[in-house]
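The values are calculated or read from the model by the stated rules, or taken from the named source; none is laboratory data. Computed from a prediction, not measured in an experiment: that's the story for all the values here. Backbone-built Cβ (ideal geometry, glycine too); neighbour counts: all protein chains shown.
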Amino acid sequence: MYSQLLTFGAAFLGSAVESVEALTIVLAVGLTRGWRSPLYGAAVALVLLAVLVLIFGQLIVTRVPELTLKLIIGTLIVLFGLRWLHKAILRSAGIIAMHDENKSYEDTLKELSGSPLRQDWVAFTIALKGVFLEGMEVVFIVVAVGGTSGSGGLPTAVAGGLLAMLVIAVVGVVVRRPLAQVPENTLKYAVGVILASIGTFWAAEGMGAVWPLDLVSVLGLAAIYFGASRVAVMMIGRRSPVMA
Amino acid sequence: MKFLRAAVAEVIGLFVGDWAQTAVSIGILGIGWFVLSRVHVNGIAFVIGIALAVQIVYATTFEARQRSGRS
């Protein structure tokens, strides 16, 4: 139960963040060029992503021995989570700019204004590319977290990912502008901590370690990563108080 | 072709921001594996988490110093 909740939560949060970014691109294209082509582009991208989840999900669940799977996928999740956490720390400390959906929206509009001909094709391609590339991270999170968390893990992770996409899409249709109010950087920070913790847990299990209290140890790891990230933000802030 | 290249770059970029930092993380996991296979103490795997956490503190403060130095 705890494992399923963790899997669902990680897939939901990771998918929500990336869905916000994909939505911004589709909105920018749809509101300026009409909805038909970008919606086709987004739909094709979603089909491609679903195929990737099916192929890799099945391969992982059926072909790879459990301990090997935990070691390899755990290591990849650690690297992935640490990367998100690294950026989140630098953003929190003011060293790199916060991700701004309004700016992404304006950038996409600029990209569109530079290509006056064959508008539908351009709109289709931009939406396809945007949704597919943003969705790659969702595919990894869903397959990795779902594939390693035992029986029923993959459907749970897929459900978490799909629900997040649905929620963001519905909100996007209602408000019809970029979701700049969503605390994207905070979400990425949280997902970074969660994934680094889950990844460390599974990688060590794959190495043959037995964790005290089993999955509850993930909370201990999360506390370690969160504590370290706050220390990093504090240290950076002390060195460059103006930027932080 | 351009799209494929972007997709490949995106996949690598999922795991690697800085190659040195990635190598250090993998190194920590490798040493952790070595230690775990020899030392059978309950909870020793937490040391891997602590080492990775220390690594991220070092890597982020190092990058912050570099960026501040450049600007």
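For segment B:21-32, a residue qualifies if it is within 9 Å of chain A (Cβ to nearest Cβ) and either small (Gly, Ala, Ser) or touching a residue at least 40 places away in the same chain (Cβ under 8 Å) (or both), and the qualifying residues are B:25, B:32.
Checked across segment A:86-98, the condition of being more than 14 Å from chain B (Cβ to nearest Cβ) and either more than 17 Å from the chain's Cα centre (by Cα) or buried (at least 23 other Cβ atoms within 10 Å of the Cβ) (or both) holds for no residue. Looking across B:27, B:32, one residue alone is surrounded by 18 or more Cβ atoms within 10 Å (Cβ to Cβ) and either farther than 17 Å from residue A:195 by Cβ or out of contact with any Leu (no Cβ under 9 Å at 6 or more places or on another chain) (or both). It is B:32. Residues that are within 7 Å of another protein chain (Cβ to nearest Cβ), in a helix (DSSP H, G or I) and not aliphatic (A, V, I, L, M) within segment B:33-61 comprise B:33, B:37, B:46, B:49, B:60, B:61, listed in sequence order.
So, residue A:211, is that one assigned to a loop (DSSP other than H, G, I, E, B) and under 30 Å from residue B:37 (Cβ atoms) or not?
Numbers: assigned to a loop (DSSP other than H, G, I, E, B): yes; under 30 Å from residue B:37 (Cβ atoms): yes.
In short, yes.
Within segment A:65-85, take every residue that is more than 14 Å from chain B (Cβ to nearest Cβ) and either closer than 30 Å to residue A:25 by Cα or free of Cβ contacts under 8 Å to residues at least 40 places away in the same chain (or both) and give me the one that is surrounded by the most Cβ atoms within 10 Å (Cβ to Cβ).
Keep residues of segment A:65-85 that are more than 14 Å from chain B (Cβ to nearest Cβ), which gives A:65-66, A:69.
Now drop any that are not either closer than 30 Å to residue A:25 by Cα or free of Cβ contacts under 8 Å to residues at least 40 places away in the same chain (or both), which leaves A:65-66.
Details: A:65: 9, A:66: 12.
Here the answer is A:66.
Identify the residue in segment A:200-223 that is in contact (Cβ under 8 Å) with a residue 24 or more places away in the chain and within 7 Å of chain B (Cβ to nearest Cβ) and, among all such residues, is surrounded by the fewest Cβ atoms within 10 Å (Cβ to Cβ). Only one residue fits best here, namely A:208.
What about residue A:164, is it under 15 Å from the mean Cα position of the chain (by Cα), within 19 Å of residue A:23 (Cα to Cα) and not hydroxyl-bearing (Ser, Thr, Tyr)? Yes, satisfied. Could you please let me know if residue A:187 is more than 7 Å from chain B (Cβ to nearest Cβ), touching a Ser or Thr at 6+ places or on another chain (Cβ under 6 Å) and at pLDDT below 90? Considered against the rule, which asks whether it is more than 7 Å from chain B (Cβ to nearest Cβ), touching a Ser or Thr at 6+ places or on another chain (Cβ under 6 Å) and at pLDDT below 90, residue A:187 comes out as no.
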